[in-house]
Each structure stands twice: as C-alpha cells, then as structure tokens.
Amino acid sequence: MAAARRVVIVGSGAAGLSAAVAAAAAGASVTVLEAANLLGGTTAFSGGGIWIPANRWGRAEGIDDSPEEALRYLTSLGLGDFDRDVADVFCRQAARVTECVEDKSPIRWNTIEGYPDYNAENEGGKPRGRTLEMDSAALGRDVLDRVRPDPFPGGIASRRENREGWDAREIARRRREGIEARGRGVVGGLFVAARELGVEIRTGVRVDKLLTSNDVVVGVSAGGNEMLGHVVLATGGFERSTALVNGFLRGPMTGPASAPTHVGDGLRMGMRVGAAIGNMTEAWWSPAMSIEGELIDGVQLYHQLMRDCAFPGGIVVDSRGQRFADETVNKSDLARTFHDFRADDYSFPRVPSYLICDAGRRASWNIGPLDPADPDPDWLFKAHTIEDLARAVGIPSAQLCTTVERYNSYSARGVDEEFGRGSTIFSKFQTAVADPREQLRPLNQPPFYAVRMVPGCLATKGGLRIDGYARVQRVDGSGPIPGLYAAGNASANPFGYAYPGGGGTIGPAMVFGWLAGEHAAV
Ligand SMILES: Cc1cc2nc3c(=O)[nH]c(=O)nc-3n(C[C@H](O)[C@H](O)[C@H](O)COP(=O)(O)OP(=O)(O)OC[C@H]3O[C@@H](n4cnc5c(N)ncnc54)[C@H](O)[C@@H]3O)c2cc1C
C-alpha cells in the first residue's frame, strides 16, 4: 500500500483548518503548525460570517442566485483589478465547500437573516441570502480552551439565536458547557473535525523557511526543525508588519485588528522561493479606535468600528471638521475614504477622523466596546456644546459648528444633499432604521461626544498569487510552484478591491483553504 501523502499546514485560522480537514478527509497525513500558543488567528475573534453565493440555505429562503450572477456582482466591484478566473472558481465552488464543511464537522450553517450584499443594488447583487453563519454548537471546554479567546466577547450564539439580547445566566451556562458560535465556533468546529480525522496540531511553532529541492517545495523548517510534505501557507495577513504596510498598502493604516503573529511570514517565505504576489495595496479596511493600555498578546489592541459610524445621531468628520462620506456605507468602503491626500498642505486630513454624536446616539447604541449603560470613559471626548467639543478634540470649532448645522438642516429636509446618507439597502439593514428621516436624526441633544478614529483593517488581503486549486504561482508566469499552496489572507485575494458582503473574507479563506487541502492531498 502506498504511504499517505504528507501535508503541512502553516497557520490555524479558517484557511488553515479547512485545508487541514480537506486534506485529511482526502487521505493525507496532516500536520498544522501554529505560531501562537492558541488556535484560530483572527478568525477566532471574528464574527464568523461567510459570504457564499448560490448556497442552499439562501435558496430555501427563496433567494434565486447563481455563480454567474455572483461573478457579475464581483466584476462590478473589482474596478478592473481582480482575478476573474480565480473569482469564478470561488463562485462555482463556494456552496460545495460549505456543504463539505458541514458534512465533516459539527458546524451547521444558516443565513444571517436579512443580511444584504454591501452593494446589493449593483448588477448581480442580492438583498439577502449570501451571508451565512453557524448555529451555536456544543464543542466542549477541552476544544474551546485550545482556541484563542475573543477579546470582544459575545460569540456564544448566532445572531438568529440571540434576537432577544444576552441573558447573563444563559451566557454563563454556554461558557460552562463550551457552547460557541461565530468565529470561535468556526475554529472550534473545524478543530473538532481535524482532530477526528487524525490531524496533528502543534502550537507555539513559528515556521520560518520553505524547504526546496530542484525548485519544488518539499517541506518547511521551524527554528531548524524540518518537516517534509506539500505545504499550505495560511499565515494570515501582514498588517502587523510596519515595513510591509508602508511598503505595499495604498494609504496609511495604523489600526490593525490582529495579533502580533500577523507579520506576513507566509508572504516572505513565498517570495523567497520565487512566488508571484498580487492585490498588495488592498486590505479589509475598517475605521479603528484604541484604548491606551488595552493589549492583545502584548501589543496594542484595536477595536474595529464595524457599524458604529452608521447610527442616527452621529456623523464622521475629518481633522478639519468636515464631513466626507455617507457614514452608513460598509466599514471597508468608509475607511477606504480615509486615504484622501491633500496636495495643498501635504497631508492626510482624514487621519485621524472623528465620530461625533449627541447624547441620544450615545444612549442608544454602543461606541466600540462602550455600552450605552457604561459611564463615560477617559477616551471619549465630551462637551456641552459642539464648539467646546471641537476645542477638546483639537479641530477648528467654527468649521465643526457649520458642519453640524448643515447636517441638521439635511435632517429637517429629510435628505442628505451631500452624500445621500442612508439610502442603500445595506445602510437600512446595518442600522435597522428603515425610515430615512430617522436615519438623518439631527445632533441636537447635549452633551456631545467624539471618538478618535484611524484607518484600520481587519487584515490585509494581498499575498501570494494562486490559481483555482490554490497553487502558488511563479513570479515569472511559468505556472505553479510544485508543492506550494496558499489560502486566506496569506494569498492574493481574487476579489481585488471588492468587499462583497458580510463574510467576504472568511468565505474565500475557507473555500480556497479547502481546495488547497484537497489538491495537496493527492
Ligand atoms: C472583530 C473582527 C470581526 C470580523 N468578522 C468577520 C466576519 O464576520 N466575516 C469575515 O469574513 N471576516 C471577518 N473578519 C476578518 C477575518 O477574521 C479574517 O480576514 C480571517 O479570519 C482571516 O483568516 P485566515 O485563515 O487567512 O487567517 P487567520 O485567521 O488570521 O489565521 C492565520 C494564522 O496563522 C498564524 N501564523 C502566522 N505566521 C505563522 C508562522 N510563521 N508559522 C505558523 N503560524 C503562523 C497566525 O498566528 C494565525 O493564527 C473579522 C475581523 C475582526 C478583527
């Protein structure tokens, strides 16, 4: 009998663990090497949503969808810079892979009710049905103790299961019994599947080199210890490397969401063996805020403000006190606008930017980690007039007063004459405010508040160029590097500019991780 193929997976997020499960299910002998002491990477503290077009859960809710429509939608967002062939494979394979994950693991998918594509009005866009998440599953404490804890707790139930909000006793019960959903649940569920299939998982092992023989990748080395096999690089993005961020991203990015292990190790290792790179200027952008002294694995933690800017009674202004966007667009497109450069004074006036809101907004919705019921913390600017708030923040007060007055006049007329705030399907969904007049609620209830925001990202999305089997391509265009695969944020995301909808990052990470595992195993 032939010996099983050996596959070495580097990284244990959605991409790495789905590659591990697929390769083991296909009969390979698989080892996962993870640099951190706990599993899961950024996936473990994510919302765990996956963007999967033409899936059966959406179909069951009456959504008519197809891979062709999904590709047309991605094309509409690509701005001419996306990998059509690889994106096409994603659109055709996504639903199958998602069903395979269900088949091999305790994960059970469902739609996030009513979740629209971010640009649902575009050709091929859908008003709901493509963003899935898992139902909570009893994974067990022994499993969850190996998964990175969520610095933003709340992932113990799916959005569907949690319509009524958190009940403290239920939270305690779920914690005790190891019931989890969202990002930690996805990692835990894939870990259960990997363990059952005999995958060896080692943590605290940072891979630093690819081993080659005659231009073929034959294994990895970690601190001099070698391990042979086909290699899947699933090391996440490079957002924690200042050198790579400055070297590649299209604009300033000083608020990365991830932990310190996300310094582009996979990218560097791939480049050293002659890999092509792509989509390097892009990231999954988000406005970010930080609180002094709040750390993740010893480095500054950044809160990504996913929808905080969108709620009624708040606006976003630059450091000159001017509004510059519809605050209700998705976080990635909002943060992308922070990169505006002014030639007249050689500055990025939107770095930092500020969320400005009134007491009504503060009392109704979270601001980052701050619950409406929490007392005002030090990091929140507060004043009884807009003028004093501007002084406290350090932005021109006359301009901020003019901006707020103008915005309040739009409220009175019921239309945002500058940016058309709140008019899209996604805007209405993310604020859960259907009435456009309510969406434009004025800022008129003192005290007023401000939060400093910098351009951040959930992760970068450029990396090693792959084909439809997730095989890493050679820089000279001569085809794949035998033995080397990449998936997730370690690879060049084929969507280019696009962040198509909720789950737009873990969806392709899981799908190409799976395809890499399947191909590497045979
Ligand atoms: C608050 C928040 C919410 C989010 N919500 C969502 C969501 O709902 N849906 C969505 O699609 N996206 C979401 N994201 C983004 C998403 O989490 C990431 O884009 C995705 O998880 C990346 O998956 P990955 O497998 O590529 O990498 P990761 O999950 O980051 O895993 C990479 C792993 O590789 C390890 N590693 C790195 N270098 C080495 C090395 N040299 N040797 C060994 N191991 C190494 C890292 O330690 C890490 O564990 C969210 C992000 C944040 C911060």
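Here are the numbers for this structure:
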{"read-out": "Residues located in the range 339-374, provided they are of a type in the set (Lys, Arg) and part of a helix (DSSP H, G or I)", "value": "ARG361, ARG362"}
{"read-out": "Among residues of the range 363-416, those that are over 31 Å from the mean Cα position of the chain (by Cα) and at pLDDT below 95, counted", "value": "5"}
{"read-out": "Failed item, numbered, when GLY251 is tested on (1) more than 10 Å from the ligand (Cβ to nearest atom); (2) part of a helix (DSSP H, G or I); (3) out of contact with any strand residue (DSSP E or B) (no Cβ under 6 Å at 6 or more places or on another chain)", "value": "(2)"}
{"read-out": "Residues satisfying the stated conditions in the range 1-37, i.e. near the ligand (Cβ under 8 Å from one of its atoms), part of a loop (DSSP other than H, G, I, E, B) and either within 17 Å of the chain's Cα centre (by Cα) or not small (Gly, Ala, Ser) (or both)", "value": "GLY11, SER12, GLY13"}
{"read-out": "Number of the condition not met by LEU370 [criteria: (1) among the aliphatic types (A, V, I, L, M); (2) in contact with a helix residue (DSSP H, G or I) (Cβ under 9 Å, 6 or more places away or on another chain); (3) surrounded by fewer than 18 Cβ atoms within 10 Å (Cβ to Cβ)]", "value": "(3)"}
{"read-out": "Those residues of the range 260-270 which are touching a residue at least 60 places away in the same chain (Cβ under 8 Å) and surrounded by fewer than 24 Cβ atoms within 10 Å (Cβ to Cβ), in sequence order", "value": "THR261, ASP265"}
{"read-out": "Among residues of the range 317-337, those that are under 15 Å from TYR410 (Cα atoms) and touching a Phe, Trp or Tyr at 6+ places or on another chain (Cβ under 7 Å), counted", "value": "3"}
{"read-out": "Selection within the range 268-278 - more than 10 Å from the ligand (Cβ to nearest atom) and not in a loop (DSSP other than H, G, I, E, B)", "value": "GLY270, MET271, ARG272, ALA275, ILE277, GLY278"}
{"read-out": "The range 7-45, residues that are crowded, with 24+ Cβ neighbours inside 10 Å, of a type in the set (S, T, N, Q) and in contact with a strand residue (DSSP E or B) (Cβ under 9 Å, 6 or more places away or on another chain)", "value": "SER12, THR42"}
{"read-out": "Residue among LEU244, LEU267, LEU301 that alone is among the hydrophobic types (A, V, I, L, M, F, W, C), within 21 Å of the chain's Cα centre (by Cα) and farther than 30 Å from ASP215 by Cβ", "value": "LEU301"}
{"read-out": "Condition broken by PRO377, with the remaining ones in (1) under 27 Å from PRO442 (Cβ atoms); (2) outside any strand (DSSP E or B); (3) in contact with a Cys (Cβ under 9 Å, 6 or more places away or on another chain) satisfied", "value": "(3)"}
{"read-out": "Hey, GLY496 within 16 Å of the ligand (Cβ to nearest atom) and at pLDDT below 95 or not", "value": "yes"}
{"read-out": "Conditions (1) in a helix (DSSP H, G or I); (2) under 25 Å from TYR497 (Cβ atoms): number failed by GLY80", "value": "(1)"}
{"read-out": "Residue count for the range 239-259, restricted to those that are surrounded by fewer than 18 Cβ atoms within 10 Å (Cβ to Cβ) and small (Gly, Ala, Ser)", "value": "2"}
{"read-out": "Residue among ALA310, ALA276 that is at pLDDT 95 or above and buried (at least 24 other Cβ atoms within 10 Å of the Cβ)", "value": "ALA310"}
{"read-out": "The range 41-58: number of residues that are in a loop (DSSP other than H, G, I, E, B) and within 6 Å of the ligand (Cβ to nearest atom)", "value": "4"}
{"read-out": "Only one of VAL217, VAL192, VAL245 that is more than 11 Å from the ligand (Cβ to nearest atom) and assigned to a strand (DSSP E or B)", "value": "VAL217"}
{"read-out": "Strands (runs of 3 or more DSSP E) within the range 279-338 that include 1 or more residues among the hydroxyl-bearing types (Ser, Thr, Tyr) and within 30 Å of GLY204 (Cβ to Cβ)", "value": "283-296, 299-304"}
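Let's see how each residue does on (1) at pLDDT 85 or above; (2) surrounded by 17 or more Cβ atoms within 10 Å (Cβ to Cβ):
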site: TRP166; (1), (2): no, no
site: VAL199; (1), (2): yes, yes
site: LEU211; (1), (2): yes, yes
site: ASP215; (1), (2): yes, no
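For every residue, the table says whether it meets (1) surrounded by 16 or more Cβ atoms within 10 Å (Cβ to Cβ); (2) within 16 Å of the ligand (Cβ to nearest atom).
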{"site": "ARG391", "(1), (2)": "no, no"}
{"site": "GLY414", "(1), (2)": "no, no"}
{"site": "GLN430", "(1), (2)": "yes, yes"}
{"site": "PHE448", "(1), (2)": "yes, no"}
{"site": "VAL454", "(1), (2)": "yes, yes"}
{"site": "ARG471", "(1), (2)": "yes, no"}
{"site": "ALA487", "(1), (2)": "yes, yes"}
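The values are calculated or read from the model by the stated rules, or taken from the named source; none is laboratory data. Computed from a predicted model, the values in this text were never measured in an experiment. We place every Cβ from the backbone using ideal geometry, glycine too, and count neighbours over all the protein chains shown.
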